[in-house]
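The values are calculated or read from the model by the stated rules, or taken from the named source; none is laboratory data. If you're wondering where the values come from, they're calculated on a predicted model, not measured in any experiment. Cβ placement follows ideal geometry from the backbone for every residue including glycine, while neighbour counts extend to all protein chains displayed. Remember, those area values only see protein heavy atoms, side chains included, never the ligands or the DNA or RNA. Shrake-Rupley method; radii C 1.70, N 1.55, O 1.52, S 1.80 Å.
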Amino acid sequence: MLSYWEKQSLLQYDYIIVGSGIVGLSTAISLKEADESARVLVLERAILPTGASTKNAGFACIGSLTEILADLQTMPEQEVLHLVKLRYEGLQLLRQRLGDHAIAYTENGSYELITPHDEWALRQMDTVNSLLGNFFPQKAFTLANNKLHTFGFNTNVVKAVVSNTYEGELHTGKMMRSLIDLCLRVGVEVKTGAEVARVEDLGTGVNVVVPHVLLKEELVFSARKLIICTNAFTKQLLPATEDIMPGRGQVLLTNPIPNLRFKGIFHFEEGYYYFRELEGRVLFGGGRQLDFQGESTTDFEYNNRIQHQLEELLRTVILPDTPFTIADRWTGIMAFGKTKQPIIQHHSPNVIVGVRMGGMGVAIGSKVGEMLAEMAVR
């Protein structure tokens, strides 16, 4: 039932991207920067991006002290340093491309709460600062214990505070809105509600098959190159893709709290817990380590055990003397693997994948998109 006009003019592109999250949109923008005449299409299966891009806490972060130390125990030193550098450069590209005002980027301080279990990390702080000194002009981590009582945390649990010089915060919704707006301004087409059924690398190009619900037939889009940016959902399209494990993140948001004693962003327990001040509220997320198996899913559901623990930590550690009520809850789906390095590679000659962001899509998404575009235009 497709018309001659549709077949002639509406299905052919130079590049097609599957997934309209941070990486997908950033790849599209980078492709247009490389060739403004290129026809670039982004296909999104849902009405809104479905994953973590619109669900995250808005942390512009490079990694906490204990997280980097934990990574050094499981990854070669050069890989850890490369990953931190990738996060930093990705954030700089994001800010440069969209502008701090558009994404509400601010630096109200970034801190890690050190509990008795993590006090050993303080003795390694100079070592980590030295390792990062090759590309950071000043120390990344410094003690900020003078702020401990000001913040109002439970000092029976929080024994020290470490400040991070190179982290900030942003408004996730404004960031995604700005990425979409920029895509439209540079001539990228974004089609939502377009779930890709399968892809076919023909050697000379790629076919991307999308069912048309109303016409009850398949639309076959064609392109020179296809870039897959579906993160935790990649196996649904490319089942043979290895070492991608979904990781669900639980988040809650309080109602406004009068005279809240802290601003900025905060991490603890190797970054598994994270919270921030947001318009006088506390946004608190994490706890995946409490139930790795249960949270290794692409189902958008609440984990009652983790949600309860988030509330308990708010009550006993973060806001020990302050009443609060919960205004909202949500979940997002991230992607992890045996290493925190993202997967950026050819799946076939004309199909490229950029997935497994390791919960750092905000930081590395723009840079990964740039790298994917460079691979596609070669």
(message) Strictly over 30 Å apart at the Cα level, which of K174/K216; K139/K263; K7/K367 would you flag in this model?
(response) K174/K216; K7/K367
(request) Using only C-alpha positions, report the orientation-averaged shadow area of the convex hull of the stretch 176-282, nm², one decimal. (result) 11.7 nm²
(request) Determine the relative contact order of the stretch 1-81: mean sequence separation of Cα pairs under 8 Å and six or more apart, normalised by residue count, in whole percent. (result) 26 percent
(request) May I ask which residue of L143, P323, I62 lies farthest towards the positive end of the charge dipole of the chain, with charges of +1 (Lys, Arg) and -1 (Asp, Glu) on Cβ and the Cα centre as origin? (result) P323
(request) Quick one: net charge around V362, please, counting Lys, Arg +1 and Asp, Glu -1 for every other residue with C-beta under 12 Å from its C-beta. (result) +2
(request) With N denoting the number of residues in the stretch 34-122, provide Rg(C-alpha) divided by 2.2 N^0.38 Å, to two decimal places. (result) 1.45
(request) Take every DSSP beta bridge whose two residues both sit in the chain, then give the antiparallel share in percent to the nearest 5. (result) 75 percent
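For the stretch 216-264, which whole percent of the accessible surface, found with a 1.4 angstrom probe, sits on carbon and sulfur atoms?
Summing carbon and sulfur atoms, their accessible area is 56 percent of the total for the stretch 216-264.
Rolling a 1.4 angstrom probe over the protein heavy atoms, how many square angstrom per residue are accessible across the stretch 226-296?
Computed with neighbouring chains in place, this is 39 Å² per residue.
Quick check for you: with a 1.4 Å probe and neighbouring chains kept, what is the accessible area per residue of the stretch 315-374, in Å²?
Using a 1.4 Å probe on heavy atoms only, each residue of the stretch 315-374 averages 38 Å².
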(request) Would you kindly state how much longer the chain becomes between D181 and E107 on full extension, computed as 0.36 nm times their sequence separation minus their alpha carbon distance, in nm to one decimal? (result) 24.2 nm
(request) Averaging sequence separations of C-alpha pairs under 8 Å and six or more residues apart, then dividing by the length of the stretch 195-257, give the relative contact order as a whole percent. (result) 22 percent
(request) Can you figure out the FRET efficiency of E218 with I257, using R₀ = 41 Å and their beta-carbon distance, to the nearest 0.05? (result) 0.20
(request) Please give the per residue accessible area of the stretch 1-86, computed with a probe of 1.4 Å over protein heavy atoms only, in Å². (result) 41 Å²
(request) Could you look at the stretch 1-70 and say what percent of its accessible area is carbon and sulfur, using a 1.4 Å probe and all protein chains? (result) 56 percent
(request) Taking H placed 1.01 Å from N in the peptide plane, check which residues at least 5 places from H347 or on another chain put their amide H under 5 Å from its amide H. (result) I352, V353
(request) Given the options T254, T155, T50, state which has the largest fluctuation in a GNM of the chain using a 10 Å cut-off (strictly under) for Cα springs. (result) T155
(request) For n ≥ 4 DSSP H runs only, could you compute -39500 (n - 2.57) per run for the chain, divide by its residues and tell me the 222 nm figure to the nearest 500? (result) -9000 deg cm²/dmol
(request) Provide the packing ranking of 20-33, 102-115, i.e. peptides ordered by the mean count of other C-beta atoms within 10 Å per residue, highest first. (result) 20-33, 102-115
(request) Would you mind checking which residues have amide H under 5 Å from A60's amide H? H placed 1.01 Å from N; only 5 or more apart, or other chain. (result) G168, E169, L170
(message) Run the simple label-point estimate for T316 and Q78 please: 7 Å along Cα→C-beta, distance reported in nm.
(response) 4.5 nm
